[in-house]
Amino acid sequence: MSKTGYFTHPDCRKHEMGPGHPECPERLDAIEDRLLISGVGDALTRLEAPAASVEEMELAHGRMHVAALRGLHDMLLEEVNAGGPRYSHVDPDTAMNASTWSAILRSAGAAMAATDAVMAGELENAFCAIRPPGHHACRDKAMGFCFVNNVALAAKYAVERHGLKRVAIADFDVHHGNGTEDIVADDPRILMVSIYQHPFYPHGGARPDTDTMVNVPVPAYTKGMDVRELIDMLWLPRLEAHKPEMIFISAGFDAHREDDMGQLGLVESDYAWITERLKDIARRYSKGRIVSCLEGGYNLSALARSVEAHLRVLADV
């Protein structure tokens, strides 16, 4: 068995939010094609994501939020079966179709199953090729293409179910992980470090650093070398001081210079460098334990190449 797991599920492709929406099933297809062509896929252990339970999702979300999502799904199914609309919107950019609930369960389940496998020593690290993404999902609110916060849930699962005393979340998506911050900011066991374009959607992330939060906002058109320097200066000392027993990554690749969703200037080598720095921290403090979950990335070619670069470092290929 390869030391790097690759968790996904066909249900993650069935969720879609309408023609032309950037958060589309083709994102996962582009990644799969790139892993096949590059041969990186041969170095991974492929595993099917189980479905999360409602009880498990309530580790990170309020009971009413999870119940509301399930209720919205049930109402939509009734409308679709009666010939009604195919989508139900939770905000102007975020909609459910008849398969969204299943995709939510599999995405959350992937993050927790990856955590289990890494904790058991069956894998050294894992990547979850999942959608919908999660880092904008707050404890009691779906938004920004996100319904359930996969990374925050996995981190909570690690400390609540596996008894870890210190874990870390690293988020390099072009957008601030406001939902993750909302869920974990007051938990002393979880350190969150993030770097993102600002001012920008979701127009948060300006709160000052705390003992558990390292927000690094950067202006539009910031390039990779500047991002690397900031990570060296601001992320790494805090990660070393925290000594996480496991690292979770919100792996959004929309800060790539070819991605029109944002205006940052990262390229594949920058994502590889960031992954190497996080892997070094994991090697020293976390027994190498990393679980990475796909977030953004909407230029299909740039997304696929960036995930390849990320996985090459995780799998040492």
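The values are calculated or read from the model by the stated rules, or taken from the named source; none is laboratory data. Keep in mind it's a predicted model, so treat the numbers as computed, not measured. Note that each Cβ is placed from the backbone with ideal geometry, even for glycine, and that neighbours are counted across all protein chains shown. With ligands, DNA and RNA removed, areas are computed over all heavy atoms of the protein, side chains included. Shrake-Rupley method; radii C 1.70, N 1.55, O 1.52, S 1.80 Å.
Restricting to region 70-79, count the residues that are open to solvent by less than 50 Å² (accessible area, probe 1.4 Å) and out of contact with any helix residue (DSSP H, G or I) (no Cβ under 7 Å at 6 or more places or on another chain). Before you say what the answer is, go through the steps one by one.
Within region 70-79, the subset open to solvent by less than 50 Å² (accessible area, probe 1.4 Å) is 71-73, 76.
The next check asks that each one be out of contact with any helix residue (DSSP H, G or I) (no Cβ under 7 Å at 6 or more places or on another chain); those that pass are 71-72, 76.
Matching residues across region 70-79 total 3.
Kindly evaluate Ser194 against the criterion of being polar (S, T, N, Q) and under 21 Å from Arg312 (Cβ atoms). Step through it out loud before you land on a result.
Details: polar (S, T, N, Q): yes; under 21 Å from Arg312 (Cβ atoms): no.
Taking the combined requirement at face value, the residue does not satisfy it.
Restricting region 222-247 to residues that are in contact with a Leu (Cβ under 7 Å, 6 or more places away or on another chain) and of a type outside the set (A, V, I, L, M, F, W, C), which is nearest to Ala272 (Cα to Cα)?
Gly224
Which ones in region 281-317 are surrounded by fewer than 24 Cβ atoms within 10 Å (Cβ to Cβ), touching a strand residue (DSSP E or B) at 6+ places or on another chain (Cβ under 9 Å) and basic (Lys, Arg)?
Result: Arg305, single match.
What do you reckon, is Glu26 touching a helix residue (DSSP H, G or I) at 6+ places or on another chain (Cβ under 7 Å), acidic (Asp, Glu) and either under 27 Å from Ser306 (Cα atoms) or touching a residue at least 12 places away in the same chain (Cβ under 8 Å) (or both)?
Numbers: touching a helix residue (DSSP H, G or I) at 6+ places or on another chain (Cβ under 7 Å): yes; acidic (Asp, Glu): yes; either under 27 Å from Ser306 (Cα atoms) or touching a residue at least 12 places away in the same chain (Cβ under 8 Å) (or both): yes.
So Glu26 passes the test.
Tell me which of these Ala60 doesn't satisfy, since it passes every other one: (1) closer than 27 Å to Met261 by Cα; (2) surrounded by 14 or more Cβ atoms within 10 Å (Cβ to Cβ).
For Ala60, the exception is condition (1).
Can you find a residue in region 83-101 that is assigned to a helix (DSSP H, G or I), under 20 Å from Glu23 (Cβ atoms) and touching a helix residue (DSSP H, G or I) at 6+ places or on another chain (Cβ under 7 Å)?
Narrowing region 83-101 to residues assigned to a helix (DSSP H, G or I): 100-101.
Within this subset, residues satisfying the condition of being under 20 Å from Glu23 (Cβ atoms) are 100-101.
From what's left, touching a helix residue (DSSP H, G or I) at 6+ places or on another chain (Cβ under 7 Å): 100-101.
Yes: region 83-101 contains one or more residues that are assigned to a helix (DSSP H, G or I), under 20 Å from Glu23 (Cβ atoms) and touching a helix residue (DSSP H, G or I) at 6+ places or on another chain (Cβ under 7 Å).
Tyr221 passes all but one of (1) in contact (Cβ under 8 Å) with a residue 60 or more places away in the chain; (2) at positive phi; which number fails?
For Tyr221, the exception is condition (1).
Which residues, counting only those in region 1-44, are open to solvent by less than 70 Å² (accessible area, probe 1.4 Å), closer than 16 Å to Arg131 by Cβ and part of a loop (DSSP other than H, G, I, E, B)?
If the condition is that a residue be open to solvent by less than 70 Å² (accessible area, probe 1.4 Å), closer than 16 Å to Arg131 by Cβ and part of a loop (DSSP other than H, G, I, E, B), then His9, His15, Glu16, Met17, Gly18, His21, Pro22, Glu23, Cys24, Pro25 are the ones that fit.
Pairs please, first residue from region 293-313 and more than 14 Å from Cys128 (Cβ to Cβ), second anywhere and open to solvent by 20 Å² or more (accessible area, probe 1.4 Å) and among the hydroxyl-bearing types (Ser, Thr, Tyr), Cβ atoms under 8 Å, 6+ apart in sequence or on different chains.
Final answer for the pair search is Glu308/Ser38; Ala309/Ser269.
One line per residue, one yes/no per condition, for (1) closer than 30 Å to Gln197 by Cα; (2) among the acidic types (Asp, Glu); (3) surrounded by fewer than 21 Cβ atoms within 10 Å (Cβ to Cβ):
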{"site": "Pro85", "(1), (2), (3)": "no, no, yes"}
{"site": "Gly109", "(1), (2), (3)": "yes, no, no"}
{"site": "Met112", "(1), (2), (3)": "yes, no, no"}
{"site": "Arg131", "(1), (2), (3)": "yes, no, no"}
{"site": "Val151", "(1), (2), (3)": "yes, no, no"}
{"site": "Ala168", "(1), (2), (3)": "yes, no, no"}
{"site": "Asp173", "(1), (2), (3)": "yes, yes, no"}
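Given the criteria open to solvent by 30 Å² or more (accessible area, probe 1.4 Å), of a type in the set (A, V, I, L, M), touching a residue at least 40 places away in the same chain (Cβ under 8 Å) and part of a loop (DSSP other than H, G, I, E, B), does Leu47 qualify? Outline the logic, then answer.
Details: open to solvent by 30 Å² or more (accessible area, probe 1.4 Å): yes; of a type in the set (A, V, I, L, M): yes; touching a residue at least 40 places away in the same chain (Cβ under 8 Å): yes; part of a loop (DSSP other than H, G, I, E, B): no.
Here the answer is no, as Leu47 does not meet what is asked.
How many residues, within region 211-263, are acidic (Asp, Glu) and outside any helix (DSSP H, G or I)?
Here the count works out to 6.
Filtering region 264-280 down to residues that are of a type in the set (Ser, Thr, Tyr) and buried (at least 18 other Cβ atoms within 10 Å of the Cβ), which residue is farthest from Asp316 (Cα to Cα)? Don't jump to the end; show me each part of the working.
Residues of region 264-280 that are of a type in the set (Ser, Thr, Tyr), as a first pass: 269, 271, 275.
With the extra rule that they be buried (at least 18 other Cβ atoms within 10 Å of the Cβ), the set shrinks to 271, 275.
Working: Tyr271: 14, Thr275: 11 Å.
Applying the filter and picking the extreme gives Tyr271.
Under the condition of being free of Cβ contacts under 8 Å to residues at least 60 places away in the same chain and touching a strand residue (DSSP E or B) at 6+ places or on another chain (Cβ under 6 Å), which residue from region 233-263 is surrounded by the most Cβ atoms within 10 Å (Cβ to Cβ)?
Step by step, filter region 233-263, then rank; the result is His256.
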